[in-house]
Amino acid sequence: MVSLYDSGIYLVNGTEIVPESESGKVKKLTGRDADQASARKGTIAYSILEAHNTSGDMEHLKLRFDSMASHDITFVGIVQTAKASGMETFPIPYVLTNCHNTLCAVGGTINEDDHMFGLSAAKKYGGIYVPPHIAVIHQYMREMMAGCGRMILGSDSHTRYGALGTMAIGEGGGELVKQLLKDTYDVAYPGVVAVYLDGAPRPGTGPQDIALAIIGAVFKNGYVKNKVMEFVGPGVASMTTDYRNGVDVMTTETTCLSSIWKTDGDTRAYLAKHHREEDY
């Protein structure tokens, strides 16, 4: 069941929801008066956005990302545009995967020209090239690049690594070009919507079922449009990190800007399994 609140809420100690209209309860629970401005700064999203903002103004963000990712449908145009605009090297780690056009025959080829372009671009500008049949873009980024407190920009709508503590955004190629030219991603500070999970998935319930339930509740009414979905609550612990990934990758379909999850020992174990425990 998905329930929506008509106004804001305070999340006390990560476990208890106090509606804004009952803010007096916050003092009973914490000994301090409810303060909306301080509470806003207490979100996971705020801390990550603040760390990546270069404007000095949290109302008008100018973000620089830690890394980027593109697949073979999009990286050719992005690299060509950046090159024509004066780029001489990739200023941040940029992953070029070959997982979308691999078996799509176009013009008598199987896109080997795109793949060779990606390889030559990675060699010339210092990128990371993932050959065909090796890895899908998002799984590569989860296993190799995502980590707590990071931000990743991808030219694919389902660029979401929130379950690993990374705020990721899927955008059009032009925004990636701007990052390659050392420019910024400019956006007003987004609203942050808590997705409070309790209980546990019933047997036979998959991550897509949970994602579809959330999408069904928030898509038509624009409840999370251009906002950040922040997954919290005791129910997070009932899911493995891979299960959380399955829910998280579908948050794009809610029209939210990005998503981020509370992390825990299972997140740490996932990163350790991929020899990156230090990224927890």
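The values are calculated or read from the model by the stated rules, or taken from the named source; none is laboratory data. Just so you know, these numbers come straight off a predicted model, no measurement behind them. In this analysis, Cβ positions are derived from the backbone assuming ideal geometry, glycine residues included, and neighbour counts consider all displayed protein chains. Note: areas computed on protein heavy atoms with side chains; ligands, DNA, RNA excluded. Shrake-Rupley method; radii C 1.70, N 1.55, O 1.52, S 1.80 Å.
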**Message:** Can you classify the range 151-280 as rounded, prolate or oblate using the Cα gyration tensor, where a ≥ b ≥ c are the square roots of its eigenvalues, rounded means a/c under 1.5, and otherwise it's prolate if a/b beats b/c and oblate if not?
**Reply:** oblate
**Spin-label pair Lys124/Val136, simplified geometry with 7 Å Cα→Cβ offset, distance in nm** = 3.1
**Message:** If the reach is capped at under 21 angstrom between alpha carbons, list the lysines near Lys62, excluding any in the same chain fewer than eight residues apart.
**Reply:** Lys41, Lys178, Lys182, Lys225, Lys227
**Message:** Give me the extension gain from Lys273 to Gln80: residue separation times 0.36 nm, minus the current Cα-Cα distance, reported in nm with one decimal.
**Reply:** 65.8 nm
**Inter-label distance, nm, simple model (7 Å from Cα along the C-beta direction), Met116/Asp57** = 4.9
**Request:** Would you mind putting 151-162, 194-205 in packing order, based on average other-beta-carbon counts within 10 Å, highest first?
**Result:** 151-162, 194-205
**Complete:** CD proxy, 222 nm, the chain: helix-only mean residue ellipticity via -39,500 (n - 2.57) per DSSP H run with n ≥ 4, per residue, nearest 500, stands at -9000 deg cm²/dmol
**Message:** Suppose the chain between Thr30 and Leu212 were pulled fully straight at 0.36 nm per residue; how much longer would it get relative to their current alpha carbon spacing?
**Reply:** 62.0 nm
**Request:** Rank these by accessible area, largest first, 1.4 Å probe: Lys273, Lys227.
**Result:** Lys273, Lys227
**Request:** For semi-axes √(5λ) of the Cα gyration tensor in Å, several values are listed as [x] 39, 23, 18; [y] 41, 30, 16; [z] 36, 21, 17; flag the one computed from this structure.
**Result:** [z]
**Low-density loop positions, trypsin sites (Lys or Arg not before Pro), the range 1-54 - DSSP coil, at most 13 other Cβ in 10 Å** = Arg32
**Request:** Could you look at the chain and say what percent of its accessible area is carbon and sulfur, using a 1.4 Å probe and all protein chains?
**Result:** 53
**Prompt:** What aspartates and glutamates sit close enough to Lys220 to cross-link, taking a C-alpha to C-alpha distance under 14 Å and skipping anything fewer than 8 places away on the same chain?
**Reply:** Glu253
